[in-house]
1. List the residue pairs whose Cβ atoms are under 6 Å apart, where the first residue sits in the range 55-71 and is over 17 Å from R200 (Cβ atoms), the second is at pLDDT 75 or above and surrounded by fewer than 15 Cβ atoms within 10 Å (Cβ to Cβ), and the two are 6 or more positions apart or on different chains.
2. Using the structure shown, decide if V74 is over 23 Å from A146 (Cβ atoms), surrounded by 20 or more Cβ atoms within 10 Å (Cβ to Cβ) and β-branched (V, I, T).
3. If you scan the range 113-130, which residues turn out to be of a type in the set (D, E, K, R) and either exposed (fewer than 15 other Cβ atoms within 10 Å of the Cβ) or in contact with a Leu (Cβ under 7 Å, 6 or more places away or on another chain) (or both)?
4. Can you tell me which residue in the range 113-137 is farthest from K85 (Cα to Cα), limited to those that are free of Cβ contacts under 8 Å to residues at least 60 places away in the same chain and in contact with a Lys or Arg (Cβ under 8 Å, 6 or more places away or on another chain)?
5. Is it the case that S208 is assigned by TED's automatic domain parsing to the domain that holds A39, outside any helix (DSSP H, G or I) and under 21 Å from R273 (Cβ atoms)?
6. Identify all residues within the range 15-32 that are at pLDDT 50 or above and either in a loop (DSSP other than H, G, I, E, B) or touching a Lys or Arg at 6+ places or on another chain (Cβ under 9 Å) (or both); write none if there are none.
7. So how many residues does the range 227-252 have that are assigned to a helix (DSSP H, G or I), within 15 Å of the chain's Cα centre (by Cα) and either among the aliphatic types (A, V, I, L, M) or not assigned by TED's automatic domain parsing to the domain that holds F202 (or both)?
8. Sort through A168, A104 and tell me the only one that's assigned by TED's automatic domain parsing to the domain that holds L261 and either surrounded by 17 or more Cβ atoms within 10 Å (Cβ to Cβ) or farther than 30 Å from P274 by Cβ (or both).
Amino acid sequence: MRFPEALRALALACAMLAATGCLAAAADVKNEIAARLRAQLPSLAPGDYALGSAAFDEGLRAGSDAPAEGAAEVLEAGRRIWARKFKNGRTLATCFPNGGRRVAGNYPQYDPRLKRIVTLEMAVNQCLKSHNEPLLDQGDPRSMGAVMAYLRSLSNGQKLAVRVPAAAEPRFEDGRRLYFTRMGQRNFACASCHVQGAGRRFGDQPLSPAIGQATHWPVIRAGAPITMHARIRECLELMGAAPFPAGAEELNRIEYFLAYLSNGLPLKANVARPAR
């Protein structure tokens with residue numbers, strides 16, 4: 001794996017000082033990656049990072065502003081699950097501030113009590129568990145995918161504001177490490193395409209930069225919601241690597257890393273994307 005120079009030097013220093021628990025501060029990592037992407041993509045406006053791959057393709061950009069085919073049906077399915085009454089008369093909406101409006105931009109979160117990263121999907125299942133209701137399968141687009149499509153639509157326009165407190169720095173660092181680690185038969189890392197190769201094309205698809213990747217999920221492809229975790233799992237398969245299971249801690253930490261990188265960018269769920 002070829003690290004950017006600043007991160008390579010920092011990694012060497014940390015290796016020498018491992019006993020002291022040396023970690024790259026999240027803000028320093030974000031600033032270094034942002035500087036690299038600015039140098040590689042000087043014509044890309046800061047706000048365009050939220051467009052992902054659509055920032056490099058006029059057709060996809062136009063599709064980002066138009067209703068995705070099948071999105072209305074997905075949103076209605078998610079709304080029904082969201083509003084469905086539990087046996088005790090409560091609903092998923094009662095577990096979240098403002099009924100779930102403008103909360104997605106604060107996820108993932110570090111829970112100091114659980115000492116782990118909590119994604120929005122996990123928060124939904126925590127609500128269900130607390131009311132003795134069946135949990136949703138995080139890998140199922142018809143249940144959890146539809147709920148995410150609806151819930152995140154309630155936060156469209158909200159800017160990401162993910163915090164990395166000191167206690168969560170190891171989880172953020174683990175997400176960064178996974179993102180930069182080469183895996184699979186093709187010996188690619190996520191960063192191979194989305195840091196080093198950002199703005200180039202893989203086949204007929206432009207490669208989105210790492211900054212901005214956390215803003216536009218789920219995407220709607222062929223009428224179905226594709227969550228960020230589902231897309232990461234697809235990418236791992238393309239790399240020739242065994243994908244992490246749905247809901248795996250590795251996926252949570254990669255999302256935490258990417259969400260922090262995208263802080264300050266607005267959310268826009270359910271944009272259209274073509275079948276891969």
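The values are calculated or read from the model by the stated rules, or taken from the named source; none is laboratory data. All figures in this text were calculated on a predicted structure; none of them were measured in a lab. A quick note on method: Cβ atoms are made from the backbone with ideal geometry, for glycine too, and the neighbour counts reach across all protein chains shown.
1. G70/G223
2. No, not satisfied.
3. Scanning the range 113-130 gives R113, K115, K129.
4. Ranking the candidates gives L120 first.
5. In short, yes.
6. Selection gives L23, A24, A25, A26, V29.
7. Selection size over the range 227-252: 5.
8. A168
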